[in-house]
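Colleague: I have a structure here, written as structure tokens, and I will follow up with some questions on it.
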Amino acid sequence: MDTVRDRTAIITGGGSGIGRATARSLARRGANIVVADIDAAAARSAAAAITDAGGRAVAAHCDVAAENAFDELKALALNSFGRVDVMMNNVGVLTRGRPEHLPVAEWQRLIDINLMSVVRSNATFLPLLLEQGHGHIVNTASFAGLYTYSYDRLPYAATKAAVVQISEGLRLYLQPRGIGVTVLCPGPVMTNIMASMPPTFGPEVPTRGPGAQFAPLAPDVVGEQVATAILDDTFMLYTHEAVRDLLVERASDWNAFVAERIRTIEEGENAPGKPGRE
């Protein structure tokens, strides 16, 4: 996509964090924005900030787990701006707990929100994009979907890995048909995703990140990365380029890579002052 000026972008999870920052970045480039969020007040705030700055935006309360959520977003975009060009599936929720303590219902909740929301979005927007022969899809995954650095958030990691695979398959299918696909894989970003996380299931477990080499980024930095990726038709978007080295290391010797992760986790859990195994 060589320009987003006068194009329309729908962004789920657009009321805060990466979604809100991407909405600002695209609006600055002249795009019309549909800000969708389960927090209606946050969606209205994000849309108002864009219109106050001279841009064009509308807000929508949206629960991506609802049956008709994406049909309603499509109707709002078409009624407000007459077109849909960019669909960013950006909603994600976390959970924590040791594998034997995570209930099946919690797995189902994350699959429904993190993964099935992308499936529902595709069901609504792929026919439209294919008919018009242009557009761009952005799916937000995670470093957690690229390699495993902990065991306490398996439902999140599994759903984000699935989003990577869906995105790659869509890229193979859609790029020759004039539709771009970007999979955003963020490392640490200063968002409020932890605010929606329920209490830890079972005993407390240490929180581990993807690596000390990955400093948290401001959402605005990532929003600019996403806007650039859309314009450049970039498929894989890492927020931190250094993750490539870890992925090459894993691909070179996956057994050794996993063994090193185990060693690191065991050393951390058995360090003085740290709780041991239950």
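The values are calculated or read from the model by the stated rules, or taken from the named source; none is laboratory data. None of the values given here were measured: they were computed from a predicted structure. Ideal geometry is used to build each Cβ from the backbone, glycine not excepted, and the neighbour counts take in all protein chains shown. SASA here: full protein model, heavy atoms, side chains in, ligands and nucleic acids out. Shrake-Rupley method; radii C 1.70, N 1.55, O 1.52, S 1.80 Å.
Colleague: Describe numerically, in nm with one decimal, the distance between label points set 7 Å from Cα along Cα→Cβ at Ala256 and at Asn68.
Modeller: In this crude spin-label approximation the distance works out to 5.7 nm.
Colleague: Still on this structure, please answer the following. Apply the Karplus parameterisation 6.51 cos²θ - 1.76 cosθ + 1.60, with θ equal to phi minus 60°, to every residue of region 156-164 and state each ³J(HN,Hα) to the nearest whole Hz, in sequence, with x for glycine and proline.
Modeller: Running phi through 6.51 cos²θ - 1.76 cosθ + 1.60 with θ = phi - 60° gives 5, 4, 5, 5, 6, 4, 5, 5, 4 Hz.
Colleague: How far is helix 219-232 tilted off the main Cα axis of the chain, in degrees rounded to 10, range 0 to 90?
Modeller: The two axes meet at around 60 degrees.
Colleague: Next up: Taking K and R as +1 and D and E as -1, what net charge do the other residues with C-beta under 14 Å from the C-beta of Ala229 add up to?
Modeller: Surrounding charge for Ala229 is -3.
Colleague: In debye, nearest 20: dipole of region 1-151 around its Cα centre with unit charges on the Cβ of K, R (+) and D, E (-)?
Modeller: 480
Colleague: For Asp245 and Ile111 in the same chain, what is the full-extension length gain: residue separation times 0.36 nm, less their Cα-Cα distance, in nm?
Modeller: Length gained between Asp245 and Ile111: 45.3 nm.
Colleague: Hey, in the GNM for the chain with a 10 angstrom Cα cutoff, which one of Ala256, Ala123, Ala46 fluctuates hardest?
Modeller: Evaluated over the chain, the most mobile residue of the options is Ala256.
Colleague: Once you charge only the Cβ atoms, +1 for Lys and Arg and -1 for Asp and Glu, what is the size of the charge dipole of the chain about its Cα centre, to the nearest 20 debye?
Modeller: 340
Colleague: Within region 8-242, what whole-number % of the accessible surface is contributed by carbon and sulfur, with the 1.4 Å probe and all protein chains included in the calculation?
Modeller: Carbon with sulfur: 57 percent of the solvent-accessible area.
Colleague: On a 0 to 90 degree scale, rounded to 10, what angle separates helix 243-252 from the longest Cα axis of the chain?
Modeller: Between helix and principal axis, roughly 60 degrees.
Colleague: Among (i) 140; (ii) 159; (iii) 129, find the value of volume of the Cα convex hull per residue in Å³ that was calculated from the structure presented, and write down its label.
Modeller: (iii)
Colleague: If you roll a 1.4 Å probe over the heavy atoms of the protein chains, what accessible area per residue do you get for region 8-242, in Å²?
Modeller: In whole numbers, region 8-242 has 39 Å² accessible per residue.
Colleague: In whole Hz, what ³J(HN,Hα) sequence does region 201-209 give by Karplus (6.51, -1.76, 1.60; θ = phi - 60°), x for Gly and Pro?
Modeller: Result, rounded to whole Hz: 7, x, x, 4, 9, x, 7, 10, x.
Colleague: Let me ask you something else. Using the Karplus curve 6.51 cos²θ - 1.76 cosθ + 1.60 with θ = phi - 60°, what ³J(HN,Hα) values do you get for each residue of region 4-14, in whole Hz, with x for Gly and Pro?
Modeller: Couplings: 10, 4, 6, 8, 10, 10, 9, 10, 7, x, x Hz.
Colleague: For the chain, what is the mean residue ellipticity at 222 nm derived from helices alone (per DSSP H run of n ≥ 4: -39500 (n - 2.57); sum divided by total residues; nearest 500 deg cm²/dmol)?
Modeller: -14000 deg cm²/dmol
Colleague: Given H placed on each backbone N at 1.01 Å, which residues far from Thr182 in sequence or on other chains put an amide H within less than 5 Å of it?
Modeller: Answer set, sorted by chain and number: Ile137, Val138, Asn139.
Colleague: Just to verify a number: FRET efficiency for Ser45 and Thr3, C-beta to C-beta distance, R0 = 30 Å, to 0.05?
Modeller: With R0 = 30 Å, the Cβ-Cβ based efficiency is 0.65.
Colleague: Enter the per residue convex hull volume of region 189-272, computed from alpha-carbon coordinates, in Å³ rounded to the nearest integer.
Modeller: Considering the Cα atoms of region 189-272, their hull volume per residue is 150 Å³.
Colleague: Projecting each Cα onto the charge dipole of region 8-242 (Lys/Arg +1, Asp/Glu -1 at the beta carbon, about the Cα centre), which of Leu130, Ile166, Cys62 comes out farthest on the positive side?
Modeller: Leu130
Colleague: Here is a follow-up. Helix 254-269: angle to the longest alpha-carbon principal axis of the chain, degrees 0 to 90, nearest 10?
Modeller: The two axes meet at around 70 degrees.
Colleague: With Cβ to Cβ distances under 13 Å as the rule, what net charge do the other residues near Ala60 carry (K, R +1; D, E -1)?
Modeller: Net of charged neighbours comes to -3.
Colleague: Go ahead and collect, in residue order, the members of region 211-247 whose backbone nitrogen is under 16 Å from a label point 7 Å along the Cα-Cβ direction of Ala53.
Modeller: Within reach of a label on Ala53, which here means backbone N under 16 Å from a point 7 Å along Cα→Cβ, region 211-247 contributes 218-228.
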